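Undergrad: What follows is a structure written as structure tokens; I'll ask about it next.
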């Protein structure tokens, strides 16, 4: 075997030993340091609100509650909505550590087209560095239609009450011109009168119906249906349920109107107080 061949074999045989010496004689490994950024100071209970399909209403809102979990005060710089239809409300902008706050996002469904909506607002604050968080507001706006407000009514008349007058407003969210042709009640206890038509600056037509309920009502609960007939073929008849509560029946101990299970809330403004009698009798 030549000299060069013997030298090469020697080097190959010593290679594992050389590597072991290098590995075991090296310096101790230095642990890596990982810097973790501080967590945001504002912690929200929820970052998205989904109302789903809403009822026809003048305003829909979502409330986002948060807490300052940081060690220093937080100042909210700005709340920027995704469109002008979304109106944010913030009662204050400065929050001390541990202090709770809320941001309310409001939208007027009547001004928006029907369908699924996904809106958002970006909140910028410092704690002390600038941060941004996005709040999402989802809802399904129903098709515009003709509605009656209030949709139902209950009137309570104990003995000696005066008559009550109430006004219903029929509105067409589709911005169509319509006219009430006739109004009828299923009881002579209700006297309806058709009012004037009007149109809002947004082009929504409406018309009123006024009813009068006499002060003296039969004892107990009297359920009446108000039928409003219009010239609109899609909403030719609108129905409004009425509950007229007269004096309590004998033995009822004046509890009938207090435990009424009809799903219509009592309207305090339409509850006639008992008529006062002259003193000195």
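A short reminder: the numbers here are calculations on the coordinates, not readings from a lab. As the structure is a computational prediction, the values presented were derived from the model and not from experiment. Cβ: placed from backbone, ideal geometry, glycine included. Neighbour counts: every protein chain shown.
Undergrad: Measure off 7 Å from each Cα along the Cα-to-Cβ vector at residue 84 and residue 51, then give the distance between these two points in nanometres to one decimal.
TA: Distance between label points: 2.1 nm.
Undergrad: Taking the inverse of the average 1/r across all pairs of different Cα atoms in the range 161-221, what Kirkwood radius in Å do you get?
TA: On the way: mean 1/r = 0.0756 Å⁻¹.
Hydrodynamic radius (Kirkwood, Cα only) of the range 161-221 equals 13.2 Å.
Undergrad: Next question. If I take R0 = 51 Å and measure r between the Cβ atoms of residue 65 and residue 182 in this structure, what FRET efficiency does the formula 1/(1 + (r/R0)^6) give, to the nearest 0.05?
TA: Working: r = 50 Å, r/R0 = 0.98.
My answer for the efficiency is 0.55.
Undergrad: Now, a different point. Return the FRET efficiency for the residue pair residue 236, residue 196: r is the Cβ-Cβ distance, R0 is 22 Å, and the value is rounded to the nearest 0.05.
TA: Values: r = 21 Å, r/R0 = 0.95.
FRET efficiency, residue 236 to residue 196: 0.55.
Undergrad: Based on the alpha-carbon gyration tensor of the range 64-172 and its eigenvalue square roots a ≥ b ≥ c, which shape applies: rounded if a/c is under 1.5, prolate if not and a/b is larger than b/c, or oblate?
TA: Working: a/c = 4.45, a/b = 1.91, b/c = 2.33.
Oblate is the answer for the range 64-172, as a/c is 1.5 or above yet b/c matches or exceeds a/b.
Undergrad: Which of rounded, prolate or oblate describes the range 112-260 when judged by the alpha-carbon gyration tensor and an a/c cut-off of 1.5? Don't skip to the answer; put the middle values down first.
TA: Values: a/c = 3.30, a/b = 1.64, b/c = 2.01.
Oblate shape, in that a/c is at least 1.5 and b/c is the bigger or equal ratio.
Undergrad: Ranking request for peptides 194-205, 136-147: highest mean number of other beta-carbon atoms within 10 Å first, then the rest in descending order. Kindly include the intermediate steps, with their values, before the conclusion.
TA: On the way: 194-205: 12.5, 136-147: 17.3.
Highest to lowest by the protection proxy: 136-147, 194-205.
Undergrad: Turning to a different aspect of this structure: Sort the range 111-173 into rounded, prolate or oblate with this rule: let a ≥ b ≥ c be the square roots of the eigenvalues of the Cα gyration tensor; rounded if a/c is under 1.5, and if a/c is not under 1.5, prolate when a/b is larger than b/c, oblate otherwise.
TA: Here the range 111-173 falls in the oblate category.
Undergrad: Also, I was wondering about something else. Nearest 0.05, what FRET efficiency do residue 143 and residue 216 give at R0 = 35 Å with Cβ-Cβ as r? Could you put the intermediate results ahead of the total?
TA: Values: r = 43 Å, r/R0 = 1.23.
The value I calculate is 0.20.
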